[in-house]
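Notes follow once the structure below has been shown.
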Amino acid sequence: MGTKNFTRLESALHSEVEALRWAMENMLQHSTCQRFGTDCKELIAMIKDPQGWPSFAIELERIETLQICFPNFNIIHVPRARNQISDFLANTVRSFHMELFFSGCSIPVWLSRPPEV
């Protein structure tokens with residue numbers, strides 16, 4: 001589980017690509033046997049067919065380079081309704097007015113908790 005608040009990018013899809021790149025770079029410090037999840041079906045389509053997204057060529061080239069470091073790279077679609085903690089973290093870090101990076105197995109005590117479902 002991880003989060004980073006990025007400055008606004010060109011589009012929401014650019015933010016999704018940047019978030020995946022950051023997560024992949026960050027996870028290299030821990031393990032190369034990682035499975036990634038996203039609620040963005042377009043991001044999965046981009047990873048499967050990067051040539052079909054020429055306006056993202058530079059960003060997808062970075063992701064392709066990182067994929068080489070993950071022998072069992074896998075990215076799956078996780079509906080937002082089944083991924084409430086990650087969605088909560090993403091929404092929470094947007095309110096921070098300083099750069100924030102977090103990676104770990106649980107929500108840190110300094111971040112508020114998501115409402116119980």
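With N denoting the number of residues in the stretch 7-69, provide Rg(C-alpha) divided by 2.2 N^0.38 Å, to two decimal places.
Here the answer is 1.07, to two decimals.
Give me the extension gain from R62 to S11: residue separation times 0.36 nm, minus the current Cα-Cα distance, reported in nm with one decimal.
Contour length minus Cα-Cα distance gives 16.6 nm.
As an exercise, use a Förster radius of 30 Å and the Cβ-Cβ distance of T32 and I76 to find the FRET efficiency, rounded to the nearest 0.05.
Efficiency at R0 = 30 Å is approximately 0.95.
Sort the following peptides by mean Cβ neighbour count (other Cβ atoms within 10 Å, averaged over residues), highest first: 15-25, 56-66.
My ranking of the peptides, most packed first, is 15-25, 56-66.
How would you rank D39, D49, going from fewest to most other Cβ atoms within 10 Å of each one's own Cβ?
Listing D39, D49 from fewest to most nearby Cβ atoms yields D49, D39.
Quick note: the coordinates plus some simple rules give every number you see, no bench work behind them. Only a predicted model underlies this, so the values are computations on that prediction, with no experimental measurement involved. Ideal geometry is used to build each Cβ from the backbone, glycine not excepted, and the neighbour counts take in all protein chains shown.
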